[in-house]
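Everything below concerns the one structure shown next.
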Amino acid sequence: MAKKDKENIENEAVEAENIEENLTEESEPVAASDNSSSDENSDENEKDDKSYDKSSDENAPEDTGEETPDDETEEKPSKKDKKDIMIEELTDKYKRTFAEFDNFRKRSEKEKAAMFEIGAKAIIEKMLPIVDSFERGLATVPEEEKGSPFADGMDKVYKQLMTALEEAGVKPIEALNAEFDPNFHNAVMHVEDENAGENIVIEEFQKGYMYRDSVVRHSMVKVAN
């Protein structure tokens with residue numbers, strides 16, 4: 001009995017040793033696999049680091065050893081095209097020609113107006129003696145003949161002539177009982193008159209006329225001192 005127990009104990013010890021050997025053999029490949037996986041991860045990390053360093057080196061600007069001038073940042077003045085230069089020259093020439101033509105047109109209009117006014121004044125000056133003759137003729141008509149057809153006809157013709165002159169811009173100068181003005185009056189006689197004021201026109205010998213704003217003929221007057 002004791003012999004059998006001893007054999008059983010020995011068998012159990014052998015089995016325990018076998019179990020321990022099996023356990024140690026199974027643990028060794030696991031550790032090896034862990035070590036291999038860690039090695040693979042480290043290799044991948046090294047590859048990633050190398051690829052990152054390579055890409056960063058590629059993206060980095062090349063150092064050529066030459067300094068870039070600051071003038072490149074400034075815009076260089078662009079040269080004008082011949083077509084643009086020709087357009088500017090023609091435009092300037094057109095403006096100058098147009099200005100010269102406009103000045104010529106204005107000068108021509110002024111000269112034309114001045115010539116027309118001179119011509120009109122010359123014709124009016126020739127017509128004024130006719131007006132004077134009508135006025136003197138009507139003034140000499142006796143009172144008993146003022147209603148006659150002849151006197152009435154002369155009066156109508158005189159009024160028609162004065163209307164035409166007035167429409168053309170001719171108007172008589174007011175002189176009687178007005179203050180003497182050398183711009184409009186021509187004093188041919190001076191008298192002492194206590195009843196009249198100083199430098200007042202008391203009589204008109206010949207009526208004066210104006211064409212628009214210019215004097216055609218001065219009034220011939222008598223002035224009281």
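Bear in mind that the values in this text are calculations on the coordinates, not laboratory data. The structure presented is a predicted model; accordingly, all values stated were derived computationally and were not measured. So basically every Cβ, Gly included, is an ideal-geometry build from the backbone, and we count neighbours across all protein chains shown.
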Subject >> Proximal charge balance of ALA224 [Cβ under 10 Å; K/R count +1, D/E count -1] >> reply: -4
**OP:** Convert each backbone phi in the stretch 168-179 into a coupling constant with the Karplus relation 6.51 cos²θ - 1.76 cosθ + 1.60 (shift: θ = phi - 60°), then list the ³J(HN,Hα) values in order as whole Hz, x for Gly and Pro.
**Re:** 7, x, 9, 9, x, 8, 6, 10, 5, 6, 9, 5
Original post:
Between GLU179 and GLU125, what is the FRET efficiency for a Förster distance of 25 Å, r being their Cβ-Cβ separation, to the nearest 0.05?
Top reply: 0.45
Subject >> Formal net charge of residues neighbouring ALA113 (Cβ-Cβ distance under 13 Å; K, R +1; D, E -1) >> reply: +3
Original post:
Where does the charge balance sit around ALA151 when Lys and Arg score +1, Asp and Glu -1, over other residues with C-beta under 11 Å from its C-beta?
Top reply: -3
Subject >> the stretch 174-213 versus the stretch 88-127: alpha-carbon centroid distance in Å >> reply: 38
**OP:** Run the quick spin-label model on LYS95 and THR163: label points 7 Å from Cα toward the beta carbon, then report their separation in nm to one decimal.
**Re:** 5.6
